[in-house]
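Please read the structure below before turning to the comments.
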Amino acid sequence: MIGALFSLAKPALHALDAETAHQLTIRGLALMPLAPAPKDDARLSVELFGRQFPNPVGLAAGFDKQCEVPDQLLSLGFGFVELGGVVPKPQTGNPRPRVFRLVQDEAVINRFGLNSDGLEAARQRLASRLGRPGIVGVNIGANKDSTDRIADYVTCIQSLCGLVDFLTINVSSPNTPGLRDLQGEAFLDDLLARSIEARNKTDDGRRKTTILLKIAPDISLETLDAIVATALKRGIDGLTVSNTTVARPETLREKALASETGGLSGKPLFVPSTKILAETYLRVERKLPLIGVGGVDSAEAAWAKIRAGASLVQLYSAMVYKGPGLIGDIKSGLLQKVEKEKTSLAQAIGRDAAEIAKGLF
Ligand SMILES: Cc1cc2nc3c(=O)[nH]c(=O)nc-3n(C[C@H](O)[C@H](O)[C@H](O)COP(=O)(O)O)c2cc1C
């Protein structure tokens, strides 16, 4: 039903600039009567972080930046949704236009720069839905003009712990100058130590708020070694791999738009983000669960993320091109995979990581 509505609305939405179309989509979702999420086949269920995910297909950060429609998004069939990025103080982000559709490449370039209504607005919206079903997390960042970026993450954790299931520390957005430097070993060690400490002090002990770290695809394997070592040392709960890329693959067809500054997502991100996911899996040795993000636009792509090492997957850009019907298509396609290969999602995690890391999908 919602998939059919998207097909009708897509030409009109795509005639508008990408940000206006997105704002209309959020407004449309906000008007949608709240329906319970469709019931998923038990074989899609994933037990992780002390929670039961009804299916492994999540919405990636950036779609509902202001935490306005989490329940409507869950009712589309996502197994979990990540809201935000949220930063402590309201900030407007970069000037418009700041998001571009590369239609021929089924890709998006964005340089929003973490535009956010701020932490207090997010906290109030999340508090008002407390007690509703569904797994919800928030992606957190630092203000552009912050003089103590680590303190910004700590503030977000202190404010949101207990209101959501998970918080994702975003040190990988390419659109806040210097943010990705936080992936450097010394910074990261301090950031993760203080984040975990803040979580442990704030949580009421009944149900732990999961803390994840989201990394960029554009890192060297040496940097990845250090990130994994620090994440393990500091007791982070999992890693989200990956954010958008600043690289511009030669194969992009929309040459003019490809020169726009920002992070590239969607189909062209699939291969690099899945390779770095597999490299991460080979390093964490099953000690840390991974969430695979980047170019998931089909059951085939989601299955590859799982085989590369993901326990859960997320998507954003493919929703722009394929609409919400994609969620159901991926879930039924995953069921076909496990049936055909006489396996389970759990057994498939990381099965082909060594090959995928070499580029053999
Ligand atoms: C318009 C837009 C805004 C985004 N905003 C954020 C953000 O605030 N925080 C974050 O960690 N990732 C953000 N992302 C990255 C996505 O969460 C995801 O990692 C990336 O788009 C790759 O997934 P995809 O290829 O399925 O889109 C954004 C992506 C897009 C397209």
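Output needed for segment 266-361: three equivalent-ellipsoid semi-axes, defined as square roots of 5 times the C-alpha gyration tensor eigenvalues, in descending order, whole Å.
They are 20, 16, 11 Å, listed from largest to smallest.
For a paramagnetic label modelled at 7 Å from the Cα of K340 toward its Cβ, which residues of segment 266-305 fall within the zone defined by backbone nitrogen distances under 14 Å?
In segment 266-305, the label zone of K340 (backbone N under 14 Å from the point 7 Å along Cα→Cβ) covers 298-304.
Any aspartates and glutamates with Cα under 14 Å of the K322 Cα? List them, leaving off those in the same chain fewer than 8 positions away.
Once the sequence-local aspartates and glutamates are set aside, what remains near K322 is D105, E106, D297.
Which of the listed residues, S159, I169, A193, is farthest toward the dipole's positive end in segment 132-237, when Lys, Arg count +1 and Asp, Glu count -1 at the beta-carbon?
Looking along the dipole axis, the top candidate is S159.
Probe of 1.4 angstrom, ligands and nucleic acids ignored: what's the accessible area per residue over the chain, in square angstrom?
Here the residues of the chain average 42 Å² of exposed surface.
Any chance you could check the Cα centroid distance between segment 266-311 and segment 320-357 for me, in angstrom?
11 Å
Taking the Cβ of D329 as the centre, find all other residues whose Cβ is under 12 Å away and add up their charges (Lys, Arg: +1; Asp, Glu: -1).
0
Set Lys and Arg Cβ to +1 and Asp and Glu Cβ to -1, take the dipole of the chain about its Cα centre, and tell me which of N55, G118, T245 lies farthest positive.
Final value for the positive-end residue is N55.
For q = 0.10 Å⁻¹, what log10 I(q)/I(0) does the chain give under the Debye formula with an equal point scatterer on each alpha carbon and no solvent?
The calculated log intensity ratios at q = 0.10 Å⁻¹ are -0.55.
Please identify, among G85, G178, G263, the residue showing maximal mean-square fluctuation in a Gaussian network model of the chain using a 10 angstrom Cα cutoff.
Between G85, G178, G263, it is G178 that shows the largest mean-square fluctuation.
Most fluctuating residue of I150, I291, I276 in a GNM of the chain with Cα springs under 10 Å: which is it?
Maximum among the listed residues: I150.
State to the nearest 20 debye the size of the charge dipole of segment 1-62 about its Cα centre, where the only charges are +1 on K and R beta carbons and -1 on D and E beta carbons. Each step should come with its number before you reach the end.
Working: 5 positive and 5 negative charges, 25 e Å.
It comes to approximately 120 debye.
For segment 1-124, give the magnitude of the charge dipole about the Cα centre (Cβ charges: +1 Lys/Arg, -1 Asp/Glu; no others), in debye to the nearest 20.
In total the dipole reaches around 220 debye.
Got a number for carbon plus sulfur as a percent of segment 207-361's accessible area, 1.4 Å probe?
That fraction is 53 percent.
With the cut-off at 20 Å, tell me which of the pairs K65/K144; K208/K275; K89/K201; K214/K337; K305/K342 have Cα atoms farther apart than that.
Table pairs above 20 Å Cα-Cα are K208/K275; K89/K201; K214/K337.
Work out the FRET efficiency for S128 and I196 from their Cβ-Cβ distance, taking R0 = 25 Å, and round it to the nearest 0.05.
0.35
Sorted by packing (mean other beta-carbon atoms within 10 Å per residue), highest first, where do 253-260, 29-36 land?
With the highest mean Cβ count within 10 Å placed first, the list reads 253-260, 29-36.
Out of E341, E279, E106, any idea which swings most in a Gaussian network model of the chain, alpha carbons joined below 10 Å?
E341
The values are calculated or read from the model by the stated rules, or taken from the named source; none is laboratory data. Since the model is a prediction, treat every value here as computed from it, not as a measurement. Glycine also receives a Cβ, built like all others from the backbone with ideal geometry; neighbour counts cover every protein chain displayed. Heads up: the accessible areas ignore ligands, DNA and RNA and are worked out on the full protein's heavy atoms, side chains in. Shrake-Rupley method; radii C 1.70, N 1.55, O 1.52, S 1.80 Å.
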